[in-house]
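Beneath this line is the structure, given in C-alpha cells, with notes to follow.
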Amino acid sequence: MDVFARRRAGILLHPTSLPGPEGNGDLGADAYRFVDFLCSCGVSLWQTLPLGPTHEDLSPYQCLSVHAGNFRLISLQSLEELGWLYEAKLDEALDLDTQRKVHLLAAYEGFQRQAGEDDRGALAHFVQEHSRWLDDFALYEALRAEHGGKAWYRWPQAIRDRAQSQFREPLGTIIHRSRMQSIDSVVRQVETRPTRRVGSLFDTLGGLSMHPLWGVPVLLVVLWGMYQFVGVLGAGTLVDWMESKLFGEFLSPWAIRVADALLRFPHEHLLEGGVLLPEYTHPALTGSPIAYQLVNAAEMAIAASWKQSGR
C-alpha cells in the first residue's frame, strides 16, 4: 500500500508515551486500544519514532541498533497471558530495567516449556531471517554489558583487535559508511518518488500559490478577500451596525436608565443650564434623611462645579 497515494491524517507518538504499566508504555493492550482510537477518529498514519534499543538517556534518536527492538516495549502482561510468565508486576522502588530483564529471561524459560509448534516455528523463522545481524548484536550487547556500558572504542585492545581482524578497514569507517549508505538510500527514494497526483481544490490552490508566476496573483486575490472580509465587512459594516443599532438604540439607553436609577450621579443630560432637573430624584432614599442630605449635597457641589466651568 502506498501511504502517499492520498492525503491522510496522522499522529506522532512514541509507544513509551502510551498508558501502560510501571515505567513506560509498551506494545501491549494499550497500544491496540490506541490503534482502535485512531481508526475511530479517521487517522490512518501512526508515526512511532525509532523503536530500537536506546542508551541510558532513553532517547529514541540514538539507538544501539537499527535492526533490534527495545526490550522496554515488550509487554510483560502479554507474556503473562500467553502463560510464559508467572507474574508481570514490577516494583517501582527497584530498578525497572533489571526487573524487566529478569522477567524476560523467565518468559523465555516458560516459552521453552510451554510454547506450541507454531510459536517455535515463528521463532526459528525469525532467527534465520535476521541471522545477518542477530548474532553480532547479541555479542555486542554481551560485551557492552561486560564492560559497564562503555563505547566499543573504549574496550580493551585485545577485544577490539579480535573484532577488527575480521575487516580490512577500521570499524569506525565501516560504521560511518554503513550509516551514509542508509541515508543515501532514503534520499534516493525521496528524490525518485513521483509527487504529481490528483488532489482536491485546496491542493490545487496550494500548488498555484507556490508557483513563481501564478503565486503573486493568488496572493493578491487572497489579500483582497481578507481586506473585504475583515476591513469592509468586519471593521466597517458590522462595527457601524453595532454602534448605531445595537448600542445606540438598544443597549445604551437601557444602560443609562439603570445608571440613573442606581448611581445617581449628575450626567450631562440630567442638567439644564447647570441645574439638576427636578424629575431625577431618589424615591428609594426619601426614607433615609441622612443619606438624602448627603446625596443632595453631592449633587449641589457637582452642579456648582459645572456652572463654574461654563458647562
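Each value in this text was obtained by applying a stated rule to the coordinates, not by laboratory testing. These numbers were taken from a predicted model, which means no experiment stands behind them. Neighbour counts are summed over all protein chains in view; Cβ atoms, including those assigned to glycine, are modelled from backbone coordinates with ideal geometry.
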Exercise for the section: Evaluate the relative contact order of the range 1-135 (contact order divided by residue number), counting alpha-carbon pairs under 8 angstrom at least 6 apart; express in whole percent. Expected result: 19
Completion exercise
In nm, the gap between the two label points placed 7 Å beyond Cα toward Cβ at ALA142 and THR98 is 2.2
Exercise for the section: Please list the non-local residues whose amide H lies under 5 Å from the amide H of SER75, H modeled 1.01 Å from N, same-chain partners needing a gap of 5 or more. Expected result: LEU27
Fill in the blank from the handout: In this structure, the FRET efficiency calculated for SER59 and CYS39 from their beta-carbon separation, with R0 = 22 Å, to the nearest 0.05, is 0.15
Fill in the blank from the handout: One point scatterer per Cα, no solvent, Debye formula: log10 I(q)/I(0) for the range 1-84 at q = 0.11, 0.17, 0.18, 0.21 Å⁻¹ comes out as -0.36, -0.81, -0.88, -1.07
Fill in the blank from the handout: Taking LEU18, LEU82 and counting other beta carbon atoms within 10 angstrom, the fewest-first order is LEU82, LEU18
Fill in the blank from the handout: In nm, the gap between the two label points placed 7 Å beyond Cα toward Cβ at THR204 and LEU82 is 5.3
Fill in the blank from the handout: the range 107-121 scanned against label point 7 Å out from ASP91 along Cα→C-beta; backbone N under 20 Å for 107
Handout entry: Label-point gap, in nm, between TYR227 and SER185 - each point 7 angstrom along Cα→Cβ
Key = 5.5
Practice task
Collect residues whose amide H, placed 1.01 Å from N in the peptide plane, falls under 5 Å from the amide H of LEU85; neighbours closer than 5 in sequence don't count.
Solution key: GLU80
